[in-house]
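Take a look at the structure below.
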Amino acid sequence: MDAFELYERAATRRTALAGFYNRNVKVETEAGPVLVRIRSAESEPMDLTCWSEDELLAAIDAYVPAAPRLLHAARNPDFQIHEYVPGRRVDELAPDGKPLPDAVLKAVEGFFGTLLRVPATALPPTPAGWPQDGDTPGFAGLLLELVRAIRHRGDSAVSDLYEALGVPDDPCHVLMARAHRLARRPFRLLHADIHRKNMIVAESGHVAFLDWELALWGDPVYDLADHLHKMSCTPGDRRTLTDAWQRSAPDECCEGWRDDLDFYLGYEAMKSAVVDTVRWGRRIAGTDDADERRRLCLELAAKLTAARPHWKADAPTVTAPGEIEAAVGRCLPRT
């Protein structure tokens, strides 16, 4: 396998599989298909990161059989080659809001159990300044400081949109006060991006978990909260997944977990509103389709409504779709 030849073939393809930080391209080889992941230089960092994905995949190869195998990694150009996992994405089998297949629910439970038992000694070193094992308030502080940075790094048009929609200057103020009261739990490996598009169900029933670029070393309760937030589950599946995590977690990971799960769910709602004010605002500004604009405005309104209980705003949060569309029109240039 000539890795750079595969990269060149993938780089010229106009079509790619879903991915925010990477273009994912299926490329055929004599030995079968592989997945070429090309890092996107245009993606703004919107998530906390701990390791390079290839470094982590190499480290967990013997511990997490549900992760894809890393076949090659390069830095210049920045790309990876993974084994191609045939099957159907979970969002194709069960879209958001629909009940998950029993096989997926069982696979997620097993996956949580696997992650929670990967030894720290198997993982790469954490970055300088990363909180010490068990410092859950420090871990939560990293998450919150990321959102603060996102809130203030945009240009004047983005700042104007935040102000017009009532997103507070410091959306993390309320949650930061709560973060200091989090129970201390030992850190574990977190996938931190387990959602329907990152799970592949093979014909055998085996479920593979993709996209490890956001994996973290941190509070295990956060992985559950992130998963529940991104899955758009039915109430029944939500209870099933929450109970599954509790069954999977060692006792030492469960100290105060129910109260702290609410904290992290509030964080996810708040972060989603801050990040998606920019993402959805640009999408609204970039379409001439009135129905599409309306749909996007309704979605952003739901995100802002969900975030409102978790921040202290000086001005009312704007959640009327018509007002959101008007604010985007005033603040963001058409693209």
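The values are calculated or read from the model by the stated rules, or taken from the named source; none is laboratory data. Owing to the predicted nature of the structure, the values given are computational and were not obtained by experimental measurement. Note that each Cβ is placed from the backbone with ideal geometry, even for glycine, and that neighbours are counted across all protein chains shown.
Worth a mention:
- Unique residue being assigned by TED's automatic domain parsing to the domain that holds Asp223, farther than 27 Å from Leu241 by Cβ and surrounded by fewer than 17 Cβ atoms within 10 Å (Cβ to Cβ) when the list is Ala103, Ala149, Ala164, Ala120: Ala149
- Within the stretch 162-205, no residue satisfies the criterion of being in contact with a Cys (Cβ under 6 Å, 6 or more places away or on another chain) and without any contact (Cβ under 8 Å) to a residue 40 or more places away in the chain.
- Check on Leu261, surrounded by 19 or more Cβ atoms within 10 Å (Cβ to Cβ) and touching a residue at least 40 places away in the same chain (Cβ under 8 Å): no
- Output for the stretch 114-145, where each listed residue is under 21 Å from the mean Cα position of the chain (by Cα) and in a helix (DSSP H, G or I): Thr114, Leu115, Thr136, Pro137, Gly138, Phe139, Ala140, Gly141, Leu142, Leu143, Leu144, Glu145
For every residue, the table says whether it meets (1) without any contact (Cβ under 8 Å) to a residue 40 or more places away in the chain; (2) under 17 Å from the mean Cα position of the chain (by Cα); (3) in the same structural domain as Arg185 (by TED's automatic domain parsing).
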{"residue": "Ala244", "(1), (2), (3)": "no, no, yes"}
{"residue": "Arg247", "(1), (2), (3)": "no, no, yes"}
{"residue": "Leu265", "(1), (2), (3)": "no, yes, yes"}
{"residue": "Arg283", "(1), (2), (3)": "yes, no, yes"}
{"residue": "Lys312", "(1), (2), (3)": "no, no, yes"}
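- With respect to the conditions (1) among the small types (Gly, Ala, Ser); (2) closer than 23 Å to Met231 by Cα; (3) touching a helix residue (DSSP H, G or I) at 6+ places or on another chain (Cβ under 8 Å), Ser43 lacks only one, and its number is (3).
- Where a residue in the stretch 206-223 is among the charged types (D, E, K, R) and its partner, wherever it lies, is assigned to a loop (DSSP other than H, G, I, E, B) and at pLDDT below 95, with Cβ under 8 Å and at least six apart: Asp211/Gly19; Glu213/Tyr21
Each row is one residue, and each column tells you yes or no for (1) assigned to a loop (DSSP other than H, G, I, E, B); (2) of a type outside the set (Val, Ile, Thr); (3) closer than 26 Å to Ser43 by Cβ.
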| residue | (1), (2), (3) |
| --- | --- |
| Val147 | no, no, yes |
| Tyr162 | no, yes, yes |
| Ala177 | no, yes, no |
| Arg184 | yes, yes, no |
| Leu189 | no, yes, yes |
| Asp211 | yes, yes, yes |
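- Members of the stretch 284-307 found to be part of a helix (DSSP H, G or I) and surrounded by fewer than 18 Cβ atoms within 10 Å (Cβ to Cβ), listed by number: Ala290, Asp291, Glu292, Arg294, Arg295, Leu298, Glu299, Ala302, Thr305
- Candidate set: the stretch 76-103, residues that are among the aliphatic types (A, V, I, L, M) and under 17 Å from Asp211 (Cβ atoms); chosen: the one nearest to the chain's Cα centre (by Cα): Val90
- Residue match in the stretch 130-141 (condition: more than 22 Å from Met46 (Cβ to Cβ), without any contact (Cβ under 8 Å) to a residue 40 or more places away in the chain, assigned by TED's automatic domain parsing to the domain that holds Phe187 and not charged (D, E, K, R)): yes
- Tallying residues that are closer than 15 Å to Arg39 by Cβ, of a type in the set (Phe, Trp, Tyr) and surrounded by fewer than 19 Cβ atoms within 10 Å (Cβ to Cβ) within the stretch 52-90 yields 0.
- On the stretch given as the stretch 18-28, residues that are out of contact with any helix residue (DSSP H, G or I) (no Cβ under 8 Å at 6 or more places or on another chain) and either surrounded by fewer than 15 Cβ atoms within 10 Å (Cβ to Cβ) or among the aromatic types (Phe, Trp, Tyr) (or both) total 3.
- Count - residues of the stretch 65-91 that are aliphatic (A, V, I, L, M) and free of Cβ contacts under 8 Å to residues at least 60 places away in the same chain: 2
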